[in-house]
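Everything on this sheet refers to the single structure shown next.
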Amino acid sequence: MLLAVCKGQPAEAVAALAAAGQRDFGDNYVQEAQARQVALSGDPRAQGLAWHLIGALQSNKAALAATLFDWVQTVDRAKLVPLLAAARPADRPPLNVLVQVNIDDEASKHGCRPEDAAALADLVAAQPRLALRGLMAIPAPAEDPAARRAAFARMRALFDAIAARHPGVDTLSMGMSDDFELAIAEGATLVRVGTALFGARPPKA
Ligand SMILES: *Cc1c(COP(=O)(O)O)cnc(C)c1O
């Protein structure tokens, strides 16, 4: 799946890409996503889209996220799981969830430790209002493509182990504009592409 990452882009750029057939869009910030969805709510080009949260989720925004998004790709701690499940509206399908893994163990990054991913996945899978779909990672920037490839390969191994225990798991989200080909070669099923689709992000106002 190609996820179009639209952070920082005007609603019009999203509507134009939707008119060209793109269905899945990713945002980093809950409030920005909400503003964009409101702006596009009356636009016939932008109906039936699937919205993904790919930025860090604060606990106090979990309830809003559970109503705005179809996917939350950044579940990285147990505390978020009951908050998202409790807030998912009853008239919507279960919220699709990816467990975010800090695959390079960077102190500055979000994501659970690789050794904690299976337990967190089990917690998500136990919630009827959540649908465990897989894993997400943002590997450390690496000069060396071999290091990047190794991080993707470690994610794939982790993903295969979790998929073997959970039948609904089908999504491995990794790879961005500058490394999506490598990610796909290593088994990504979803790539998150911003600048390569939209061009450079406009400067913040
Ligand atoms: C911004 C972002 C992307 C897209 O990055 P590009 O380099 O513009 O393709 C993908 N994933 C996450 C988590 C992001 O924050």
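No value in this document is a laboratory result; all are computed from the given coordinates. All values derive from a computational prediction rather than experimental measurement. For neighbour counting, all protein chains shown are included, and Cβ atoms are generated from backbone atoms with ideal geometry for every residue, glycine included.
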If we count other beta carbons within 10 Å of each Cβ, what is the order of THR171, THR195, fewest first? THR195, THR171
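For the stretch 84-202, what does the convex hull of the Cα positions come to per residue, in cubic angstrom?
Details: hull volume 16.4 nm³, N = 119.
Taking the convex hull of the Cα positions in the stretch 84-202, it is 138 Å³ per residue.
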Alpha carbon centroid spacing (whole Å) that separates the stretch 82-139 from the stretch 26-60: 19
Once fully extended, how much extra length lies between HIS110 and ALA185, figured as 0.36 nm per residue of separation less the alpha-carbon to alpha-carbon distance? 24.6 nm
Cβ-Cβ cut-off under 13 Å around ARG133, Lys and Arg +1, Asp and Glu -1: the net charge is -3
List the aspartates and glutamates whose Cα lies under 18 Å from the Cα of LYS7, skipping any in the same chain that are fewer than 8 positions away. ASP24, ASP27, GLU32, ASP70, ASP178
Note: probe point = Cα of ASP178 + 7 Å toward Cβ; backbone nitrogen < 15 Å; residues of the stretch 142-162 passing the test are 142-149
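Compute, for the chain, the length of the dipole vector about the Cα centre, with Cβ point charges of +1 (Lys, Arg) and -1 (Asp, Glu) only. Units Debye, rounded to 20.
In total the dipole reaches around 520 debye.
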Surrounding charge for GLY111, neighbours by C-beta under 10 angstrom, Lys/Arg +1, Asp/Glu -1, total -2
Mean 1/r over distinct Cα pairs of the chain, inverted to a Kirkwood Rh in Å, yields 17.2
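Restricting to DSSP loop positions (anything but H, G, I, E, B) with no more than 11 other Cβ atoms inside 10 Å of their own Cβ, which GluC sites (Glu not before Pro) remain in the stretch 101-198? All intermediate terms of the calculation are to be shown ahead of the outcome.
Numbers: sites: GLU106, GLU115, GLU143, GLU181, GLU186; in loops: GLU106, GLU143, GLU186.
Here the GluC sites (Glu not before Pro) that fit, given the DSSP loop and packing criteria, are GLU143.
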